[in-house]
Amino acid sequence: MVTARKVVLATLIAALSVLGVSPAGAATAPGDPLGALDSVVRTAEPGYRFVVTGWASGTTDGPGYGRVAVYVDSVGVLTNTLYARPDVAAYLGVDAGADNRFGYVAGVDASPGTHRICAYAIGGTNPLLGCRTVTVAATAPRGNLDAVTSALEPGFVDVRGWAVGTAGGTVAVYVDGTRHVLPTVYPREDVAVALGIRPAGGATDVYIGFGFDGAVPVPAGSHRVCVYALGGTNPLLGCRTADVPGSPNAVVDTATLTTPFTLANLITITGWAYDPAAPALPGQVAVYVRTLMTPQVVFAGATDIERTDVQIARNLPQAVVGFQAQVAFRSGMDAVCDIWIYQVVQSGVNPLFYHYSTDASLELSGAVGGVRRCR
């Protein structure tokens, strides 16, 4: 994202060099820096709706080179003169081969309405380099809720989708009546192409971070998950019903992904279970896994880890109710699609108390038999 932005800004600088040097703003005191504001360009990038370019010479040195302050109304940002401007060097009579980094670039945000964008050289009396008046039309945000799937972490669901034109680049996720906020920061080339922001296979110098993807807590049971784009009338992007498995007598405490060896991934799941019809006996659980390559049973049997915390909390006659299961798969060659964990009880109705499901778009190229998809 940063690299792509720099490409855009460097292109603007090069174009300005061809067009010629903007005249320097008037120095208001002897020894004041010289410079100009060359352009204020509207971009498709949310959060940095305008790119400000220009040049300055003789400013107070900062962490990089010269310093320039760019203000949108009364809110300012500092930037450095980091870009080569041979046209400015020629204009100023600087010797060929000398440092000619007089160009500055700043990305600034402007909310809907009319604003004044101004640049000041830092040094002396901080002279004004120029101003532009810009108007930002209020547009309704839009987007889509793509999927709500169970997360690897127990008690959470993954919420995925996209939105553009939101206030501050965020969406609101409601689980029943509980509100959570997710940022729109993930690249979505498909959205950029569909909206005409970037042609298919085109240049990569356009910001496309319109996607949101995050885990939100959801208790066991059936819940309504809805997502709203924040801004304007806060339009609804979609709703899904999330059915989160659970059992009062079986719990997954942790599910963690590690890479203990090269090309090997390991999911370690810990938890506890007991059968209220036979509390004096270890619990029974069954862990089923489906990967891109094959389904498998990774654990089926009695709990074998002491959990005195559960024994005390549930007033059980024994503490061997804990379990640990591990799911191993090859990085780059396989991937986990689903994990189901059932409690095995004497009644014969074995409740599902944990389910992890990946993104429906997960696929693996080059697998035996060609491309494999989770869904």
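The values are calculated or read from the model by the stated rules, or taken from the named source; none is laboratory data. Here the structure is a predicted model, which means the values were calculated and not measured. Cβ coordinates were reconstructed from backbone atoms using ideal geometry, including for glycine residues, and neighbour counts include every protein chain displayed. Side chains included, ligands, DNA and RNA excluded: accessible areas come from the protein's heavy atoms. Shrake-Rupley method; radii C 1.70, N 1.55, O 1.52, S 1.80 Å.
What to note about this one:
- Of all residues in the stretch 279-287, none satisfies being modelled with pLDDT of 85 or more, open to solvent by less than 70 Å² (accessible area, probe 1.4 Å) and under 31 Å from the mean Cα position of the chain (by Cα).
- Yes/no for ALA98 being open to solvent by 50 Å² or more (accessible area, probe 1.4 Å), of a type in the set (A, V, I, L, M), assigned to a loop (DSSP other than H, G, I, E, B) and at pLDDT below 85: no
- Single residue of TYR186, TYR228 found to be aromatic (Phe, Trp, Tyr) and modelled with pLDDT of 90 or more: TYR228
- The residues in the stretch 223-278 that are among the aliphatic types (A, V, I, L, M), surrounded by 15 or more Cβ atoms within 10 Å (Cβ to Cβ) and over 14 Å from ALA325 (Cβ atoms) can be counted, and the count is 7.
- For the stretch 327-339, filtering for residues that are surrounded by fewer than 17 Cβ atoms within 10 Å (Cβ to Cβ) and of a type in the set (A, V, I, L, M, F, W, C) leaves 1.
- Filter result for ALA220 (closer than 26 Å to ILE267 by Cα and open to solvent by 30 Å² or more (accessible area, probe 1.4 Å)): yes
- Checking every residue in the stretch 44-54 against the condition of being assigned to a strand (DSSP E or B), surrounded by fewer than 20 Cβ atoms within 10 Å (Cβ to Cβ) and modelled with pLDDT of 80 or more gives at least one match.
- The stretch 168-183 - residue that is modelled with pLDDT under 90 and open to solvent by less than 60 Å² (accessible area, probe 1.4 Å) and, of those, farthest from PHE210 (Cα to Cα): THR170
- Residue among VAL136, VAL88, VAL108 that alone is open to solvent by less than 30 Å² (accessible area, probe 1.4 Å), at pLDDT below 90, at negative phi and out of contact with any Ser or Thr (no Cβ under 9 Å at 6 or more places or on another chain): VAL108
- Subset of the stretch 279-294 that is without any contact (Cβ under 8 Å) to a residue 60 or more places away in the chain and part of a loop (DSSP other than H, G, I, E, B) - its residue that is farthest from VAL320 (Cα to Cα): THR294
- In the stretch 62-84, residue modelled with the lowest pLDDT [restricted to those that are in contact with a Lys or Arg (Cβ under 7 Å, 6 or more places away or on another chain) and either assigned to a loop (DSSP other than H, G, I, E, B) or basic (Lys, Arg) (or both)]: TYR65
- Of the residues making up the stretch 122-130, none is outside any loop (DSSP other than H, G, I, E, B), out of contact with any Gly (no Cβ under 8 Å at 6 or more places or on another chain) and open to solvent by 30 Å² or more (accessible area, probe 1.4 Å).
- ALA360 vs. criteria modelled with pLDDT under 85, crowded, with 17+ Cβ neighbours inside 10 Å and either on the phi < 0 side of the Ramachandran plot or of a type in the set (A, V, I, L, M, F, W, C) (or both): no
- Single unsatisfied condition, ALA192 versus (1) assigned to a loop (DSSP other than H, G, I, E, B); (2) surrounded by 22 or more Cβ atoms within 10 Å (Cβ to Cβ); (3) aliphatic (A, V, I, L, M): (1)
- For the stretch 308-326, a tally of residues being part of a loop (DSSP other than H, G, I, E, B) and either open to solvent by 50 Å² or more (accessible area, probe 1.4 Å) or in contact with a Lys or Arg (Cβ under 7 Å, 6 or more places away or on another chain) (or both) returns 3.
- The C-beta contact set for the stretch 24-39 (first residue farther than 13 Å from GLY103 by Cα, second residue at pLDDT below 85 and β-branched (Val, Ile, Thr), distance under 7 angstrom, 6+ apart or interchain) comprises PRO33/THR59.
- Residues within the stretch 266-278 that are assigned to a strand (DSSP E or B) and of a type outside the set (Phe, Trp, Tyr), tallied: 7
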